[in-house]
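This report concerns only the one structure given below.
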Amino acid sequence: MLMPEKSWYEQWFDSPFYHRLYFERDEKEATAFIHKLLGHLSPSPQSRMLDVACGRGRHSKILASLGHFVTGIDLSPNSIAYAKKFQTDHLEFYVHDMRLPFYINYFDYAFNFFTSFGYFKTRRESDDAIRTIVKSLKPTGIFVIDYLNVHYAESRLVHDEIKKIESTTYKIHRWDDETHFYKRIIVEDPSLIRPLEFTEQVTKFSLGDFTDMLSYQGKQVKEVFGDYELNAYDVRKTPRLILIAQTK
């Protein structure tokens, strides 16, 4: 029996070259953002928090270091295997698909950081993910989504780029259409017999799209920010779309 071919994100996110490209960097920005965000949210001590699509647990570890009980979930077995090395009484990790049911009525906060959404083939799958995350929250729970600002990204798309990180070369080509951003990445490294190629695909979800998806699940967007300093969102001028949603 033939196994179904893995989606691009299952293959790419499980690759060490993905983490080297995006995450093996100075963590000051991530730490500053989490501190700024939690300063704004003012969570109760030892709140239960869900980090959806947590990767290797970069944000989860910061949240847990601030005294909260944090659960990180991610589709990538390799990422979770790495993250589990940092587990404590306040921090746990699981391999899990955000589209599928997880805990129910359990968390005070759910976070989805660094545009870790919009990868699925259909809108229904994205709706499934939103529903599952919302159901994992207590009725008073808060959902924070950190997504790219579509309009800002469209106007500043760099089509071709080469990045050299130690011995690895990434040849990157970007393009878009009405509904998606695409990024083809060719990885060249001495450890590889031949170059690897991955094509990322991210849906152009707008503020209105997220408002609709969340509203359908009983959550209302209460605040919108445009960058990691939590400055006001501007549809043309700010790089991020950071949403804070609560029960209507």
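Going 7 Å from the Cα of ARG174 along its beta-carbon direction, which residues of segment 138-167 have the amide nitrogen within less than 20 Å of the resulting point? Under 20 Å, as judged by backbone N against the label point of ARG174, lie 146-165 of segment 138-167. Look at the dipole of segment 138-221 built from charges on Cβ: of ILE162, PRO139, ILE172, the Cα furthest out on the positive end belongs to PRO139.
In summary, the lysines within cross-link reach of LYS121, defined as a Cα separation below 18 angstrom excluding same-chain residues under 8 places away, comprise LYS6, LYS183, LYS204. Applying both filters, DSSP loop and at most 15 other Cβ atoms within 10 Å, to the trypsin sites (Lys or Arg not before Pro) of segment 193-245 gives ARG236, LYS237. Could you work out the percent of alpha carbon pairs in segment 157-248 separated by over 23 Å, rounded to a whole number? Tail of the P(r) past 23 Å holds 47 percent of the pairs. Relative to the Cα centre, the charge distribution of the chain, modelled as +1 at Lys and Arg Cβ and -1 at Asp and Glu Cβ, gives a dipole magnitude of about 340 debye.
Loop-located GluC sites (Glu not before Pro) in segment 154-198 (DSSP state not H, G, I, E or B) with no more than 11 neighbouring Cβ atoms inside 10 Å: GLU166, GLU178. Straight-distance candidates among the lysines for linking to LYS85, with alpha-carbon spacing under 24 Å and chain neighbours fewer than 8 residues away dropped: LYS28, LYS61. Only one item in [x] 134; [y] 144; [z] 233 matches volume of the Cα convex hull per residue in Å³ derived from the coordinates shown, and that item is [y]. Around the Cα centre of segment 136-248, unit charges on the Cβ atoms of Lys, Arg, Asp and Glu (plus for the first two, minus for the last two) sum to a dipole of about 280 debye. D for segment 1-144, whole µm²/s, Stokes-Einstein with Kirkwood Rh over alpha-carbon pairs at 4 °C and 1.567 mPa s: what number? Rounded to a whole number, D works out at 83 µm²/s. Across the options GLY55, THR71, PRO195, the greatest Cα extent toward the positive end of the charge dipole of the chain (unit charges at beta carbon of Lys, Arg, Asp, Glu) belongs to THR71.
Each value in this text was obtained by applying a stated rule to the coordinates, not by laboratory testing. Owing to the predicted nature of the structure, the values given are computational and were not obtained by experimental measurement. Here the Cβ is made from the backbone with ideal geometry for all residues, glycine too, and neighbour counts use every protein chain on show.
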